[in-house]
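Peer 1: First the structure, then my questions, so here it is.
The values are calculated or read from the model by the stated rules, or taken from the named source; none is laboratory data. Keep in mind it's a predicted model, so treat the numbers as computed, not measured. Reconstructed Cβ throughout: ideal geometry from the backbone, glycine too, with neighbour counts over all protein chains shown. Calculation scope for accessible area: heavy atoms of the full protein, side chains included, ligands and nucleic acids excluded. Shrake-Rupley method; radii C 1.70, N 1.55, O 1.52, S 1.80 Å.
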Amino acid sequence: MSRSPHHATQLRSLGSHGTLVPLPQQPALQNSSSHSRASLCEPRPWGLSCLLALQHILVLTSLLCASHLLLLRNLPPGRLSYSPAQLLASSLFSCGMSTALQTWMGSRLPLVQAPSLEFLIPALVLTSQKRPLAIQTPGNSSLVLRPCRGPGCHGLEPWNTSLREVSGAVVISGLLQGTLGLLGGPGHLFSYCGPLVLAPSLVVAGLSAHREVALFCSAHWGLALLLILLMVVCSQHLGSCPLPPGSWRPASTSSTHTRIPAFRLLSVLIPVACVWIVSALLGLSIIPLELSAPIEAPWFWLPHPAEWDWPLLTPRALAAGISMALAASTSSLGCYALCGRLLHLASPPPHACSRGLSLEGLGSVLAGLLGSPMGTASSFPNVGTVSLLQAGSRRVAHLVGLLCVGFGLSPRLAQLLTTIPLPVVGGVLGVTHAVVLSTGFSSFHVADIDSGRNVFIVGFSIFMALLLPRWFREAPVLLSTGWSPLDVLLRSLLTESIFLAGLLGFLLENTIPGTWLERGLSQGLPSPFTAQEAQVPQKSRKKADQEYELPFPIQNLCPCIPQPLRCLCPLPENSGNEEGGSSEPGETADLLPGFEEQCQV
């Protein structure tokens with residue numbers, strides 16, 4: 001088999017006055033019927049941006065409800081002394097603040113911040129380790145440790161104490177992740193993560209939620225299949241057809257009209273609304289009891305630290321926090337690479353990665369102090385939504401942050417989001433994770449996948465990253481070293497699929513000999529997806545790099561930053577002053593394409 005030739009990435013650059021300047025395209029690669037991946041564009045109408053933001057809110061809410069439900073179900077018998085809606089509102093508030101900071105001065109990519117499995121898995125390990133253990137000795141077999149659930153078990157603590165310890169782990173993870181970002185270590189390591197490191201991580205990220213998705217869809221498979229069918233039809237079969245048949249005039253001097261592919265742009269909102277209505281008409285109230293407690297939530301409150309009590313810092317919380325920080329950092333770096341690739345931008349430079357991780361750590365600290373059991377990290381389902389809709393921008397991300405803060409200030413409104421049926425939650429997460437999975441597979445063509453070296457790295461990284469967590473879940477004897485914090489750390493790290501895939505891929509990729517061409521790297525520069533970037537004109541790459549720079553007012557503060565923190569600022573040669581100067585705020589506010597697709601007759 002021979003390798004398929006690399007296709008040049010088509011970008012659009014901004015002129016000195018903020019107008020779009022199309023780059024020359026190769027005739028052989030033009031295809032008007034295909035969905036454009038991503039490019040720079042002009043600001044969208046506020047109404048359409050609000051609808052796009054609302055769809056991201058639905059995906060974010062599905063992820064939050066799933067994480068909170070799985071965590072509350074894992075806790076020992078007991079109940080909360082406050083409404084679960086307040087817990088959800090606290091998480092929404094911290095996600096909104098973190099999203100706004102990330103988009104404004106973090107990585108500058110339109111990434112929605114949300115809890116992820118990287119926080120849930122250590123939290124589940126921490127709460128399960130908290131339970132008293134009953135020692136059973138069946139026959140002459142080895143000791144088997146099981147959580148004690150019988151009437152003779154004592155010492156079961158209420159949910160509040162368990163959640164306080166999880167919140168303490170979230171605070172520790174935020175401090176550690178923020179410190180790593182400020183030191184610039186992960187940002188520099190990211191430059192050595194080629195396609196054979198990032199692609200297996202994306203594949204594992206897409207596969208990591210299949211058990212949870214099946215669990216939620218099993219609440220009513222009919223509704224789940226209806227939702228998935230509608231999402232596929234709207235995003236793929238009707239993706240190029242406008243509804244209603246009208247036109248939209250871009251905010252520019254051009255008088256051309258562009259038709260809006262409404263089905264594709266609303267391929268989350270329309271299916272969710274339809275299935276939600278069908279569920280209500282059939283009288284199917286599939287709402288988890290853990291999220292619909294009878295405790296009445298207030299209409300308005302102001303989240304503040306120690307609302308219920310301060311986070312509980314223990315050695316076990318420290319161990320779980322370390323695992324959260326390492327796994328969340330690995331996941332976020334993969335999100336940066338995936339989002340940059342969808343936007344057809346150059347790979348995120350080290351300073352953008354360092355700023356992004358630092359502000360994600362700050363968001364996790366805020367979430368833990370507010371009592372949330374989940375930190376904040378770049379959300380793979382929301383990045384999958386960007387790919388599914390083929391639309392998104394900084395403006396949309398800012399609106400998502402604003403709406404999340406609004407829901408966080410009103411627990412009663414946040415409680416409305418818990419009425420989303422469980423099959424809807426499972427279907428939304430299933431489709432968005434499937435898009436992430438397919439993007440990971442599509443990244444393999446950058447390297448020589450026919451090489452025996454690369455075949456081994458890809459297969460070993462993916463298989464072991466899925467095997468080890470499953471083995472530890474099914475192991476009859478719990479991992480026990482005699483010291484509970486070490487047990488929590490080892491079990492958390494060895495059940496984090498994305499962390500294992502990234503770690504194994506990184507070690508194998510950088511220790512097994514291979515040529516630059518074989519590894520998918522060009523010109524001897526280790527950078528993700530550089531084989532594609534090498535075919536983009538140098539001027540376009542410089543323009544794309546400007547998207548990762550700090551906002552214009554903050555750039556003037558870079559000379560005042562202490563030397564150890566200079567890793568957060570662009571290098572002087574990459575400051576973007578050579579090609580038309582730095583872009584003003586708002587010039588490049590939207591990153592994804594305009595609506596060039598026409599309805600195919």
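Peer 1: Restricting attention to the range 458-481, and to residues there that are open to solvent by less than 50 Å² (accessible area, probe 1.4 Å) and of a type in the set (Gly, Ala, Ser), which single residue is nearest to Leu500 (Cα to Cα)?
Peer 2: Filtering the range 458-481 for residues that are open to solvent by less than 50 Å² (accessible area, probe 1.4 Å) and of a type in the set (Gly, Ala, Ser), the one nearest to Leu500 (Cα to Cα) comes out as Ala465.
Peer 1: A follow-up question, please. Could you check, for the range 52-67, whether at least one of its residues is in a helix (DSSP H, G or I), at pLDDT 90 or above and open to solvent by 30 Å² or more (accessible area, probe 1.4 Å)?
Peer 2: Yes, that holds for at least one residue.
Peer 1: Go through (1) within 23 Å of Glu360 (Cα to Cα); (2) open to solvent by less than 10 Å² (accessible area, probe 1.4 Å) and name the single condition Leu189 misses.
Peer 2: All conditions pass for Leu189, except number (2).
Peer 1: Residues being at pLDDT below 90 and closer than 22 Å to Val436 by Cα: count how many of those fall in the range 300-336.
Peer 2: Residues flagged as at pLDDT below 90 and closer than 22 Å to Val436 by Cα within the range 300-336 amount to 0.
Peer 1: Going by what's in this entry, would Ser267 be described as part of a loop (DSSP other than H, G, I, E, B), of a type in the set (Ser, Thr, Tyr), at pLDDT 85 or above and over 30 Å from Ser167 (Cβ atoms)? Reasoning before the result, please.
Peer 2: Values: part of a loop (DSSP other than H, G, I, E, B): yes; of a type in the set (Ser, Thr, Tyr): yes; at pLDDT 85 or above: yes; over 30 Å from Ser167 (Cβ atoms): yes.
Criteria met by Ser267.
Peer 1: Turning to a different aspect of this structure: In the list Leu388, Leu417, Leu413, Leu429, which residue meets the criterion of being surrounded by fewer than 21 Cβ atoms within 10 Å (Cβ to Cβ) and in contact with a Ser or Thr (Cβ under 6 Å, 6 or more places away or on another chain)?
Peer 2: Values: Leu388 fails: surrounded by fewer than 21 Cβ atoms within 10 Å (Cβ to Cβ); Leu413 fails: in contact with a Ser or Thr (Cβ under 6 Å, 6 or more places away or on another chain); Leu429 fails: surrounded by fewer than 21 Cβ atoms within 10 Å (Cβ to Cβ).
Checking each option against the conditions leaves just Leu417.
Peer 1: Out of the residues in the range 340-354 that are surrounded by fewer than 24 Cβ atoms within 10 Å (Cβ to Cβ) and of a type in the set (A, V, I, L, M, F, W, C), which is farthest from Thr385 (Cα to Cα)?
Peer 2: This residue is Leu343.
Peer 1: Take the range 440-457 and flag every residue that is surrounded by fewer than 21 Cβ atoms within 10 Å (Cβ to Cβ) and closer than 26 Å to Val213 by Cβ.
Peer 2: Phe441, Ser442, Phe444
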